[in-house]
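Only one structure is covered here, and it is reproduced in the block below.
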Amino acid sequence: MIIITRNQFYELVYSPAKNRIYFTIRGYWRNPEQVPDFFADWQKALQQTQPGFTVLADLQEMITHPVAVKEMHFKVASSLLAAGISYIAEVSPIDKIAVLQTSSIIKENQLNHIKVHDKTLGETILDQLTL
């Protein structure tokens, strides 16, 4: 596993063996200035991947983000598509508005998407989809 970044707001880790990015969001992001390296960190992670990579996104702790932060997520989602993502498995946020935000980002970018209840199930499904 290659740790791309780990901070109080998010974590990005890449598994070369599975060609998978593990993404975890923590808490509330008031504005883009709180996470100035967010897009650059994603670009570092994407540089590690091969086409057909997967993402396991643990968004359980995500709190509804302001519009400017949602736009950052949209930009990252667009870059996932351009880099050749095959599937994203999402452990959905507990916050109901955050669920709507993540759903709209996924839908607008037309990503192959699976919602799961926990990371273990997400891992299992992604493993089966990429056999």
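What follows draws every value from the coordinates through simple rules; no lab data is involved. These numbers were taken from a predicted model, which means no experiment stands behind them. Here Cβ is always computed from backbone atoms with ideal geometry, including for glycine, and neighbour counts include all displayed protein chains.
Data for the structure
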read-out: Net charge dipole size for the chain [Lys, Arg +1 and Asp, Glu -1 on Cβ; Debye, nearest 20]; value: 100
read-out: Amide H partners (placed H, <5 Å) of K115, local residues excluded; value: E90
read-out: Phi to ³J(HN,Hα) by Karplus 6.51 cos²θ - 1.76 cosθ + 1.60 over segment 47-57, Hz, x for Gly, Pro; value: 5, 7, 7, 10, x, x, 5, 10, 10, 10, 9
read-out: Q34 paired with I125, simple spin-label distance in nm, labels 7 Å along Cα-to-beta-carbon; value: 2.8
read-out: Beta bridge orientation in segment 2-129: antiparallel %, DSSP, nearest 5; value: 40
read-out: Mean Cα-pair separation over length for the chain, i.e. relative contact order, pairs under 8 Å, 6 or more apart, %; value: 22
read-out: Least to most buried among S86, S92 (fewest other Cβ within 10 Å first); value: S86, S92
